[in-house]
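Values quoted throughout were computed directly from the atomic coordinates according to the rules given, and no laboratory measurement underlies them. On a predicted model such as this, the values are computed, not experimentally measured, just so you know. Every residue, glycine as well, gets a Cβ built from its backbone with ideal geometry; the counts of neighbours run over all protein chains shown.
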Amino acid sequence: MVVFLPAYNEEMNVAEVLPRVPRRIGGGWVVEVIVVDDGSTDGTVQAALAAGADAVLELGRNRGLGAAVRAGMAECVRRGADIGFMIDADNEYPPEQIPEVAAPIMDGTADYTMGSRFKGTIAGMKLHRRLGNVAFTLLQCVLLRRVIWDGQSGMRAFSREAMKAARIVHDYNYAQVLTLNLVRQGFRMVEVPIRYRVRTKGQSFIRFGAYMKAVVPAIWKEMRTPARRNVSKRQQADASLRRQNGLLGSEEGR
Ligand SMILES: Nc1nc2c(ncn2[C@@H]2O[C@H](COP(=O)(O)OP(=O)(O)O)[C@@H](O)[C@H]2O)c(=O)[nH]1
Ligand SMILES: [Mg+2]
């Protein structure tokens, strides 16, 4: 498994998250950790390496969180990961729960999982942010005609097949368009409750006006693109093979 953390000016937080990422998970899973640095102007890169990141992928200039997650997934595939896992670098999400959030993919019952704050616990989220999360999540429920609890989570896991097929239609963000894309392709999505607490250091990049201006047209663009159902019989077979390996504990996954 490869865990990646998109980071933009998180020198104060990244060192607190990295050491808490489990490096081995039951069933023989070995975890590599990389930070995707999106042109940070502070000491994020040095802080990440000092705190034990296996590598830092530097995008050079600031390209946006959507571009960073796209690059992170591509890097997971390049490194041969069976599972890719993203978690924010801002210390709001619990790295200790990585095994729980990845479990449905390890056992072959899902291709895509999200850590859900609304199914778990939320500490410190302001009312306007809660409302924004509920509104954007409801929109996804309507567009996908299914129940989703938390459509804006910064903690998610992907099977290798899902990472290869995923499309993120804009550079600014990934949250909604990635779910719309994967679910419409037929990948199985599951939400796992997590414990969340709002950051105490650094700043959220989200500004209401810029967010609406970028995210709403991107959702529109994604929905206008026909989704090929991308999940083949062979991929389903791969998933059940992974499940068997996990049960037997015979093969080292990464
Ligand atoms: N790569 C990249 N990461 C970013 C950018 N902006 C924010 N991030 C990271 O994305 C994560 C979530 O951002 P954050 O500002 O906390 O958003 P919020 O949690 O929704 O308020 C954090 O790990 C940030 O460091 C960006 O432009 N590029
Ligand atoms: Mg955050």
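For this structure, a couple of remarks:
- In the stretch 2-17, the qualifying residues are those that are of a type in the set (A, V, I, L, M) and crowded, with 24+ Cβ neighbours inside 10 Å, and the one that is nearest to Glu96 (Cα to Cα) is Val17.
- Test for Arg61: is it surrounded by fewer than 19 Cβ atoms within 10 Å (Cβ to Cβ) and more than 18 Å from the chain's Cα centre (by Cα): yes
- Ser159 meets each of the listed conditions (1) in contact with a helix residue (DSSP H, G or I) (Cβ under 9 Å, 6 or more places away or on another chain); (2) without any contact (Cβ under 8 Å) to a residue 40 or more places away in the chain apart from (2).
- Among the residues making up the stretch 18-41, those that are assigned to a loop (DSSP other than H, G, I, E, B) and within 16 Å of ligand 2 (Cβ to nearest atom) are Asp38, Ser40.
- Exclusive hit being in contact (Cβ under 8 Å) with a residue 12 or more places away in the chain, closer than 26 Å to Leu182 by Cα and in a helix (DSSP H, G or I), set Ala89, Ala81, Ala47, Ala68: Ala68
- Where a residue in the stretch 170-184 is touching a residue at least 12 places away in the same chain (Cβ under 8 Å) and over 17 Å from Ala68 (Cα atoms) and its partner, wherever it lies, is part of a helix (DSSP H, G or I) and among the hydrophobic types (A, V, I, L, M, F, W, C), with Cβ under 7 Å and at least six apart: Leu180/Leu143; Leu180/Leu144; Leu180/Ile219; Leu180/Met223; Leu182/Ala162; Val183/Leu144
- Counting only residues that are surrounded by fewer than 18 Cβ atoms within 10 Å (Cβ to Cβ) and part of a strand (DSSP E or B), the stretch 171-203 holds 4 of them.
- Matching residues, the stretch 153-168, being in a loop (DSSP other than H, G, I, E, B) and surrounded by fewer than 21 Cβ atoms within 10 Å (Cβ to Cβ): Arg167
- Selected residue (only one of Arg79, Arg146 is within 25 Å of Gln185 (Cα to Cα) and either buried (at least 20 other Cβ atoms within 10 Å of the Cβ) or over 18 Å from the mean Cα position of the chain (by Cα) (or both)): Arg146
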